[in-house]
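Working notes for the structure below.
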Amino acid sequence: MAARSALEETELAEIHRFAVQLAKDAGQMLLAAVELRAGKTVREGHVEKESAVDLVTQTDEDVEAFIRSSIQAKYPSHAFCGEESYSKGGSKMYLIPPTGPAWCVDPLDGTVNFIHLCPFYCVSIAFTWNGEPMIGAINAPFLRQLFTACRGQGAWLNETISLPLDRSPIPPLPESAPKGCIFSCEWGKDRRDVPNGNLHRKVNSFMNMAAELGGRDGKGGHVHGVRSLGSATLDLAYCAMGSFDIWWEGGCWEWDVAAGICLLKEAGGLVTSANPPNDPSTAPVLDAHLGSRLYLALRPAGDSATETGRQTQERTVREVWRRVQQLDYNRPGVQ
């Protein structure tokens with residue numbers, strides 16, 4: 001398919017089927033790598049962590065190479081951005097083209113989980129058109145969870161269950177949100193123990209969200225629970241399911257979120273910037289830039305007696321902004 005100003009519905013459906021099959025095949029590759037690791041553990045009694053890391057690196061590279069070659073064989077004119085190839089380039093520039101077709105792929109999100117044989121890892125495949133995620137396919141093979149979405153066609157779990165899971169009707173976000181919400185967050189890779197660094201700002205924000213109402217100088221949010229899966233992709237997928245109410249994160253990359261953003265939006269969720277504006281009470285709630293590395297996601301929400309679903313989402317966004325701190329993950333070419 002050549003890059004054109006419009007994408008026909010039949011072409012999108014074909015690309016969706018192709019992306020879903022790619023995610024299934026790549027998921028089988030991840031399972032095979034786990035079985036290889038488990039076999040070594042049985043035969044040798046243990047596997048040194050360094051060897052496990054080497055296996056993960058090879059798995060990352062092999063899965064991305066498979067996905068990339070498959071895409072190039074079927075759609076040679078499409079651009080491609082994958083975690084492994086991007087990391088080897090050394091540039092931090094945002095590479096998703098603003099026009100035409102492109103793929104954004106993470107062959108293994110949740111690498112640390114994979115190393116430790118914790119099941120929260122997945123392959124994430126997104127197709128973008130004019131810079132917007134149009135198709136998302138996320139396969140968490142050990143959990144037997146396949147998440148798929150296509151613009152205008154909804155979001156699905158295992159191809160048969162429509163998302164969000166609770167649809168009769170979809171509940172609004174709590175009137176006292178973030179109180180009563182499940183809050184998802186990640187520690188990230190920036191572990192520098194420096195005053196006012198990202199780690200300290202995250203910890204302060206986590207504390208604000210978790211503390212009792214009235215605590216933390218009035219910023220206590222008393223969320224119902226705090227979760228950290230170790231996979232940004234699955235955080236977004238679980239927001240799309242309605243299992244998580246809020247996800248707040250800085251530091252991940254576009255391949256971590258592209259497929260998940262498509263999934264969440266198709267389910268009826270919202271994704272905006274993690275960083276609070278100067279006046280959280282009046283600033284517009286805008287869509288997050290795919291390459292911003294700063295994301296605040298809200299689950300799908302239904303209407304209440306006094307608000308539309310979107311109004312309950314925006315009210316919750318403002319309450320989160322009031323409690324979290326600015327994170328510093330700037331990059332070239334992205335505002």
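Since every read-out is calculated from the coordinates, none of them should be taken as a lab result. The shown structure was predicted, so the numbers you read here are calculated from the model rather than taken from an experiment. A quick note on method: Cβ atoms are made from the backbone with ideal geometry, for glycine too, and the neighbour counts reach across all protein chains shown.
The charge dipole of the range 73-225, taken about the Cα centre with unit charges on the Cβ atoms of Lys, Arg (+1) and Asp, Glu (-1), comes to about 200 debye, rounded to the nearest 20. Computed from the C-beta positions of A13 and M207 and an R0 of 35 Å, the FRET efficiency is 0.15 to the nearest 0.05.
Quick one: go through the range 58-78 and flag any residue whose amide nitrogen is under 15 Å from the point 7 Å out along the Cα-to-Cβ line of L117. So the set is empty, nothing qualifies. Counting other C-beta atoms within 10 Å, and keeping those with at most 16, which DSSP coil trypsin sites (Lys or Arg not before Pro) do you find in the range 135-223? Filter output for the range 135-223: R144, R167, K189, R191, R192. The stretch between E61 and I161, if pulled fully straight at 0.36 nm per residue, gains 32.8 nm over its current Cα-Cα span. Positive contributions from Lys and Arg (+1) and negative ones from Asp and Glu (-1), summed over other residues with Cβ under 12 Å from the Cβ of E319, come out at +3. Couplings 3J(HN,Hα) of the range 305-313, computed from phi: 5, 10, 9, 6, x, 4, 5, 5, 5 Hz, in residue order, whole Hz [Karplus 6.51 cos²θ - 1.76 cosθ + 1.60, θ = phi - 60°; x for Gly and Pro].
Calculated on C-alpha atoms, the gyration radius of the range 182-321 divided by its Kirkwood radius gives an Rg/Rh of 0.94. Taken one residue at a time, the phi angles of the range 57-69 give Karplus couplings (6.51, -1.76, 1.60, θ = phi - 60°) of 4, 5, 4, 3, 5, 5, 5, 5, 4, 4, 5, 5, 5 Hz. Gly and Pro are set to x. Here the spin labels are modelled as points 7 Å beyond Cα on the Cα-Cβ line, and at H222 and K74 they lie 5.1 nm apart.
Are there any GluC sites (Glu not before Pro) in the range 141-245 that are in a DSSP loop and have at most 10 other Cβ atoms within 10 Å? List them by number. Here the sparse-neighbourhood loop sites are E159, E212.
Computed over the chain, the quotient of the alpha carbon radius of gyration and 2.2 N^0.38 Å is 0.99.
Charge dipole (Cα centre; +1 on Lys/Arg Cβ, -1 on Asp/Glu Cβ; no other charges) of the chain amounts to roughly 480 debye. Here, the range 9-162 has an Rg and a Dmax of 16.2, 53 Å when only alpha carbons are counted.
Taken about its Cα centre, the range 146-259 carries a charge dipole of about 200 debye when Lys and Arg each add +1 at the Cβ and Asp and Glu each add -1 at the Cβ. Using the Cβ atoms and a cut-off under 12 Å, what net charge is assigned to the surroundings of P277, where Lys and Arg are +1 and Asp and Glu are -1? Net of charged neighbours comes to +1. When the Cα positions of A288, G218, C262 are compared along the charge dipole of the range 182-321, G218 comes out farthest toward the positive end, with charges on each C-beta of Lys, Arg, Asp and Glu. Residue pairs exceeding 19 angstrom between C-alpha atoms, taken from K189/K219; K24/K74; K179/K219: K189/K219.
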